[in-house]
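Have a look at the structure below, then the notes.
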Amino acid sequence: MWRAIGVLLGLVAGFFGGFVDSALIFLFDFLLLLPGLILLIDLDTIFTITHAVPNKALLITLLLGFLGFAGVSRIVRSQVLSLKTRTYVQAAQVMGASNFYIVRSHILKHTAGTIIALVTYIVPGLVIADAGLDFLGIGIINTPTWGNMLNNLLNQATASNGYLWWISLSVGLSIIALSVGFYLFGTAIQEEFSRFS
């Protein structure tokens with residue numbers, strides 16, 4: 001949901017420019033400057049103490065999405081600024097095409113590969129962020145995740161005065177395999193879209 005909002009705001013900022021672009025760029029820069037992990041820890045503590053959010057998974061999902069959509073918006077905006085100066089877009093404007101038609105037929109068509117690849121590149125970062133939160137004990141505690149596995153391993157290692165390195169290696173390799181898989185998938189999609197645009 002937040003990624004779709006980020007794509008939409010990037011399209012609006014890049015296509016219309018002017019005051020709208022300046023205001024949205026200020027918002028994107030502000031969100032990119034926020035320290036994500038510290039903000040997540042603070043908000044999780046506040047919502048846990050006040051019991052304001054009954055579903056912790058929903059809270060973490062919304063916060064990670066909110067903190068990440070500004071980067072998507074900046075990249076989409078730069079693509080739109082580049083495409084807006086192309087001759088076929090200017091020809092459509094001269095012929096009287098509506099802004100909606102130009103964005104749908106010319107801009108979005110040529111940015112679709114980048115947008116899909118960008119979303120696949122973001123997934124490993126979200127998995128690592130979730131694993132980090134679970135490892136710190138801030139995430140969803142009772143659900144088996146890679147972060148909870150590492151946290152339990154650390155607790156067992158300190159309790160038994162030993163270290164089970166092969167479990168942490170398997171978790172680390174799983175995270176690396178997922179990250180590389182999504183990266184290769186995103187790169188393949190971007191190359192496939194670039195062939196047709």
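The values are calculated or read from the model by the stated rules, or taken from the named source; none is laboratory data. Predicted model, so just to flag it, every value in this text is computed and none were measured. Neighbour counts run over all protein chains shown; Cβ positions are idealised from the backbone, glycine included.
Side notes on the structure shown:
- Residues of segment 1-26 that are at pLDDT 85 or above and on the phi > 0 side of the Ramachandran plot: Gly18 alone.
Rundown of residues vs (1) among the charged types (D, E, K, R); (2) in contact (Cβ under 8 Å) with a residue 24 or more places away in the chain; (3) within 18 Å of Leu9 (Cα to Cα), yes/no style:
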position: Ser78; (1), (2), (3): no, yes, yes
position: Tyr88; (1), (2), (3): no, no, no
position: Tyr101; (1), (2), (3): no, no, yes
position: His106; (1), (2), (3): no, no, yes
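- Residue count for segment 81-131, restricted to those that are of a type in the set (Val, Ile, Thr) and either within 18 Å of Leu64 (Cα to Cα) or within 19 Å of the chain's Cα centre (by Cα) (or both): 10
- Of all the listed residues (Leu9, Leu34, Leu58), the sole one being of a type outside the set (D, E, K, R) and touching a Ser or Thr at 6+ places or on another chain (Cβ under 8 Å) is Leu9.
- Test for Met149: is it crowded, with 18+ Cβ neighbours inside 10 Å and not β-branched (Val, Ile, Thr): yes
- For the residues Asn142, Asn148, the requirement of being part of a helix (DSSP H, G or I) and under 29 Å from Leu67 (Cβ atoms) singles out Asn148.
- Residue within segment 27-34 that is buried (at least 19 other Cβ atoms within 10 Å of the Cβ), on the phi < 0 side of the Ramachandran plot and acidic (Asp, Glu) present: no
- Subset of segment 1-26 [over 19 Å from Ser82 (Cβ atoms) and exposed (fewer than 14 other Cβ atoms within 10 Å of the Cβ)]: Met1, Ala4, Phe19, Ala23, Phe26
- Restricting attention to segment 117-131, the residues that are farther than 14 Å from Ile176 by Cα and surrounded by fewer than 18 Cβ atoms within 10 Å (Cβ to Cβ) total 1.
- Among the candidates Gly181, Gly147, the residue that is touching a helix residue (DSSP H, G or I) at 6+ places or on another chain (Cβ under 6 Å), free of Cβ contacts under 8 Å to residues at least 40 places away in the same chain, among the small types (Gly, Ala, Ser) and farther than 21 Å from Gly10 by Cα is uniquely Gly147.
- Taken over segment 54-100, the criterion of being hydrophobic (A, V, I, L, M, F, W, C), surrounded by 13 or more Cβ atoms within 10 Å (Cβ to Cβ) and farther than 22 Å from Ile25 by Cα is satisfied by Leu59, Ile60, Val89, Ala92, Ala97.
- Residues in segment 118-134 that are under 18 Å from Ser78 (Cα atoms) and either touching a Phe, Trp or Tyr at 6+ places or on another chain (Cβ under 8 Å) or not in a helix (DSSP H, G or I) (or both): Tyr121 alone.
- Whenever a residue of segment 39-55 is at negative phi and modelled with pLDDT under 75, its partners that are in a helix (DSSP H, G or I) and among the aliphatic types (A, V, I, L, M), lying with C-beta atoms within less than 8 angstrom and at least six residues away or across chains, give the pairs Ala52/Ile46; Val53/Leu59.
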